[in-house]
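I have placed the structure first, in the form of structure tokens, so that the comments after it can refer back to it.
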Amino acid sequence: MRTRLAAVGLSAAVLIAGTTVFAQSESRPQLAVVAQAPKGPPAPPERPPAPHRTGELECRNCHLGEHQGVVQMYIGIGGRGAPTIPSHMFQVRVECIACHTTPKAAEGTMGLSGQTFRPSEQACVGCHGEKYRGMLQRWATTLTKMTEAVTPKLGATRAALAGADRKDPKYTRAQTLTDDAEFNVRYVAVAKGIHNVFYAADLLKLANGWLDEAMALLGRAPVKVDDQLVRGGYCAALCHEVARVKLRDTVTFANQKIPHGRHVAELGATCTSCHSAETHKAVTATKATCGACHHGPQNERCESCHRPQAGFYRGEVKTALGTVAPNVMAAAVACTGCHDWSRKHSRAAVGEKCVGCHEAPYTALLTEWTTGFDADLKKTAETLRNAEAAIARAHRGGHRAPEAAALLKDARDALALVKSARPVHNPPAAEALLATARQKAGEALAQAAPR
């Protein structure tokens, strides 16, 4: 964009961001006359000249603040609630005339009517290549769909406000949210959101959320529409699909492999759930972001991530070290029957869930299990360490003890299985496997002992 968007102080006013051009010939500069200062005391200071009165043909008499909304949209300011998100093209100093290249008026009439230049897709292709063909239309279509998703919510919320009790303490907050949402929707339309699609999309996303919040404050259910794009899925729709950016199947986050493709395609995660709308490719997700979905009260897909625990609970673990039968509650109680991540998660909180099906004394049963298994795990780990030390001494003495090493491996596997699956998910199986681990470690210790 031009560094100076308005030629202030010049008699020729060029109104750029649209771009309608009105020109007026500059007046000839007056020659400066230098007079010799008279001798004697200094003359009193002259009165400052009266402000210049603009003439009848001054463009700015009528064209005040022309295209300021468009300019602000391009810069990434002017909306409500969103941080400043400059257009990527503004950041690299792309001027309006780089995109607005197609004349609207015919050659013969522009001298009388002025000239407006329309945006052209060829400008996109000329800079970015053929893969950007169709991008401009995609931006316009996507923003239209997003606006169409928010508009019925705005109408419904306005109707709910009209019938609400104005004395309700929540009314003022609901009205403010609705006013801010309406401002953003109008701003995107009037300032032409296509000048800064990511800022415009973020403003619509905020408006969408505010309208849902306002309806909740008014005691109404949010209007159900297909608002996935508005909630933050607009990155792919605006750019990635046209530019043929391939969605990565897996990514690494917090030292873990994350099924990126599944989150988008199957679980409905939106781009801005984890990525910044302001900085391209920047990751804003934290462990708390993951927990908000994975441990939210609406999520019952615990077993897709917690497979060791689920398999142990349901008796689906196959091991040569023992038989793992299903927990007696597996057929009747799902994971969320005991685990409630909407509150602070502790053994005491899980124990309270027992009372929903059992008598009050059952609240102490979980503590008994967990405390007892803590002691069993510690005892088993100590037995393994003793066996490891004995085998190490045997190796140093030239005795390889392969039978002892095989027994120790079985003991390690049994202990690792119980630790990863958590003994409380299947107490009988855990007890049997820990006993097997201690037995195997004891046999390994005996095999490694000097004879």
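Taking the criterion of being in a loop (DSSP other than H, G, I, E, B) and at pLDDT below 80, the residues of region 279-306 that qualify are THR279, HIS280, LYS281, HIS295, GLY296, PRO297, GLN298, ASN299, GLU300, ARG301, CYS305.
Note on region 56-83: among residues that are polar (S, T, N, Q) and at pLDDT below 90, the one that is surrounded by the fewest Cβ atoms within 10 Å (Cβ to Cβ) is ASN61. Of all residues in region 342-380 being closer than 19 Å to ARG412 by Cα and of a type in the set (Lys, Arg), which is nearest to the chain's Cα centre (by Cα)? Applying the filter and picking the extreme gives LYS378.
In the set (1) under 16 Å from LEU321 (Cα atoms); (2) in contact (Cβ under 8 Å) with a residue 24 or more places away in the chain, the condition left unmet by PHE373 is number (1). In region 161-174, the residues that are of a type outside the set (S, T, N, Q) reach residues that are assigned to a loop (DSSP other than H, G, I, E, B) and surrounded by 14 or more Cβ atoms within 10 Å (Cβ to Cβ) with C-beta atoms within less than 6 angstrom, at least six apart or across chains, in these pairs: ALA164/LEU218; TYR171/ALA164; ALA174/LEU218.
Within the set LEU407, LEU366, LEU377, the sole residue that is in contact with a Lys or Arg (Cβ under 7 Å, 6 or more places away or on another chain) and modelled with pLDDT under 90 turns out to be LEU366.
Only one of the listed residues (ARG158, ARG186) is at pLDDT 95 or above, in contact with a Ser or Thr (Cβ under 7 Å, 6 or more places away or on another chain) and on the phi < 0 side of the Ramachandran plot. That residue is ARG158.
Being assigned to a helix (DSSP H, G or I), surrounded by fewer than 12 Cβ atoms within 10 Å (Cβ to Cβ) and either assigned by TED's automatic domain parsing to the domain that holds PRO423 or under 39 Å from the mean Cα position of the chain (by Cα) (or both) is a property that THR383 lacks.
Table: residues versus (1) part of a loop (DSSP other than H, G, I, E, B); (2) assigned by TED's automatic domain parsing to the domain that holds LEU415.
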| position | (1), (2) |
| --- | --- |
| GLY311 | no, no |
| THR319 | yes, no |
| ASN327 | yes, no |
| TRP341 | yes, no |
| THR370 | no, yes |
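If you take the residues in region 410-451 that are over 22 Å from ALA375 (Cα atoms) and assigned to a helix (DSSP H, G or I), which one is modelled with the highest pLDDT? The extreme case among them is ALA446.
The values are calculated or read from the model by the stated rules, or taken from the named source; none is laboratory data. None of the values given here were measured: they were computed from a predicted structure. All Cβ positions, even for glycine, are placed from backbone atoms using ideal geometry, and neighbour counts span all protein chains on display.
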